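What follows is a short report on a single structure.
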Amino acid sequence: MFMGEYQHTIDEKGRMIIPAKFREALGASFIATRGLDQCLFVYPMQEWSVLEQKLKALPLMKSDARAFTRFFFSGATECELDKQGRVNLPNMLVDHAKLEKDCVVIGVSNRVEIWSKAIWESYFQQSEESFAEIAEKLVDFNFDF
């Protein structure tokens, strides 16, 4: 399980350090792709396989399912860590998440997310203000604290 928030930087070549606590769980190679809310999603291979099966099960005749699957898979790339624990992110992913110098890497259960620090701070502030409302809506999904 991935959890926690870590501050990191990305260099001009798209290289950034993955937190040491996440490296072992991600494994030798993993998948990075466009995420929702203007971040990147990073999955260990095992979790990616589970997600791939779920996406394959979406109805091909539904345009939303086709669009989401295209968006998700077209941005996916297999990544590996170098000896310094860095990942080299492709330009298309860097551009999608508007990653510049300061980044935030967070653990979200079965995946890691990579955010621009500015976008994360804005998103977090907005979400924090409505956290109680969001929690109430989760009751609709049979979720209780």
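The table below gives the values:
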{"quantity": "THR33, sole failed condition from (1) under 11 Å from VAL105 (Cβ atoms); (2) crowded, with 19+ Cβ neighbours inside 10 Å; (3) touching a helix residue (DSSP H, G or I) at 6+ places or on another chain (Cβ under 8 Å)", "calculated": "(1)"}
{"quantity": "Residue satisfying all of: in segment 107-119; of a type outside the set (Phe, Trp, Tyr) and over 17 Å from TRP48 (Cα atoms); least open to solvent (accessible area, probe 1.4 Å) among these", "calculated": "SER116"}
{"quantity": "Pairs, first without any contact (Cβ under 8 Å) to a residue 60 or more places away in the chain and among the charged types (D, E, K, R) in segment 79-104, second open to solvent by less than 10 Å² (accessible area, probe 1.4 Å) and outside any helix (DSSP H, G or I), C-beta under 9 Å, six or more apart", "calculated": "GLU80/PHE30; GLU80/VAL87"}
{"quantity": "Members of segment 119-143 that are of a type in the set (D, E, K, R) and either within 18 Å of CYS39 (Cβ to Cβ) or not in a helix (DSSP H, G or I) (or both)", "calculated": "GLU121, GLU128"}
{"quantity": "Close pairs (9 angstrom Cβ cut-off, 6 or more residues apart or separate chains): open to solvent by 60 Å² or more (accessible area, probe 1.4 Å) in segment 120-131, of a type in the set (A, V, I, L, M) anywhere", "calculated": "GLU121/VAL104; PHE124/VAL104"}
{"quantity": "Search result, residues across segment 14-44 that are in contact (Cβ under 8 Å) with a residue 12 or more places away in the chain and in a helix (DSSP H, G or I)", "calculated": "ALA20, LYS21, PHE22, ARG23, ALA25, LEU26, ASP37, GLN38"}
{"quantity": "Check on PHE72, modelled with pLDDT under 95, touching a strand residue (DSSP E or B) at 6+ places or on another chain (Cβ under 8 Å) and either assigned to a helix (DSSP H, G or I) or not basic (Lys, Arg) (or both)", "calculated": "yes"}
{"quantity": "When residues of segment 75-106 are limited to those that are open to solvent by less than 70 Å² (accessible area, probe 1.4 Å) and over 15 Å from the mean Cα position of the chain (by Cα), the one nearest to GLY14 (Cα to Cα)", "calculated": "ARG86"}
{"quantity": "Residues that are in contact with a helix residue (DSSP H, G or I) (Cβ under 9 Å, 6 or more places away or on another chain), part of a helix (DSSP H, G or I) and either acidic (Asp, Glu) or surrounded by 13 or more Cβ atoms within 10 Å (Cβ to Cβ) (or both), drawn from segment 56-69", "calculated": "ALA65, PHE68, THR69"}
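Each row is one residue, and each column tells you yes or no for (1) in contact with a His (Cβ under 8 Å, 6 or more places away or on another chain); (2) under 19 Å from MET45 (Cβ atoms); (3) not acidic (Asp, Glu).
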site: ALA76; (1), (2), (3): no, yes, yes
site: MET92; (1), (2), (3): no, no, yes
site: ASP95; (1), (2), (3): no, no, no
site: TYR123; (1), (2), (3): no, no, yes
site: GLU129; (1), (2), (3): no, no, no
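The values are calculated or read from the model by the stated rules, or taken from the named source; none is laboratory data. Keep in mind it's a predicted model, so treat the numbers as computed, not measured. FYI the Cβ positions are ideal-geometry reconstructions off the backbone, even for glycines, and counts take in every protein chain you see. Side chains are part of the model used for accessible areas, which takes the heavy atoms of the whole protein and leaves out ligands, DNA and RNA. Shrake-Rupley method; radii C 1.70, N 1.55, O 1.52, S 1.80 Å.
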